[in-house]
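To start, the structure under review is shown below, and the notes come after it.
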Amino acid sequence: MPSLLHFSGRLSRKPYGLLTAAFVGLILTLSASSGDPVFQLLDAPWMVLGRGLDDLVRLSPGALDGLLSLAVALPLLWLFCALTVRRLRDLGQSPWWTVLVVASGMTVPIMIVLSVWPSAEIRPIDGRVLSHA
């Protein structure tokens with residue numbers, strides 16, 4: 001079984017739904033602490049995440065704060081991408097759709113759809129997608 005940080009393997013609905021709930025909870029918490037409107041959860045979650053992390057790691061003026069924020073944000077982005085790639089693979093979709101999920105202004109709605117979309121039935125012999133369960 002691959003670890004959470006690896007891009008190989010598949011991921012079912014339940015773990016991805018837990019990721020979605022945790023991501024939404026984190027964004028809501030950070031938006032409340034940074035004073036950002038809640039509606040930015042839908043169209044700018046990465047901006048809310050960045051501002052919230054900047055507020056949390058504020059040590060002293062200068063580049064150290066930015067580097068510390070980056071040190072926290074990059075592993076979160078890596079985990080998000082790894083789990084999304086694995087979920088898309090479980091759906092029989094191209095893992096490259098992860099780029100759209102990350103870069104679009106529709107990150108949270110797409111995550112919700114991926115959380116409820118049934119897994120594809122993969123043929124064990126050649127790995128082809130047969131149908132959606």
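The values are calculated or read from the model by the stated rules, or taken from the named source; none is laboratory data. Since the model is a prediction, treat every value here as computed from it, not as a measurement. Note that each Cβ is placed from the backbone with ideal geometry, even for glycine, and that neighbours are counted across all protein chains shown.
Considering only residues in region 5-20 that are farther than 19 Å from G92 by Cα and loosely packed, with under 13 Cβ neighbours inside 10 Å, the one that is modelled with the lowest pLDDT turns out to be L5. Scanning region 5-30 for residues that are closer than 20 Å to I110 by Cα and outside any helix (DSSP H, G or I) yields F7, R10, L11, S12.
Scanning region 31-49 for residues that are touching a Leu at 6+ places or on another chain (Cβ under 9 Å), under 20 Å from A103 (Cα atoms), without any contact (Cβ under 8 Å) to a residue 40 or more places away in the chain and not in a loop (DSSP other than H, G, I, E, B) turns up S31, V48, L49. Can you pull out the residues in region 37-64 that are at pLDDT 70 or above and farther than 21 Å from L79 by Cα? Across region 37-64, the qualifying residues are P37, V38, F39, Q40, D55, R58, L64. Among the residues of region 1-28, those identified as among the polar types (S, T, N, Q) and touching a helix residue (DSSP H, G or I) at 6+ places or on another chain (Cβ under 8 Å) are S8, S12, T20. Only residues that are hydrophobic (A, V, I, L, M, F, W, C), modelled with pLDDT under 90 and in a loop (DSSP other than H, G, I, E, B) were counted across region 92-112, and they come to 1.
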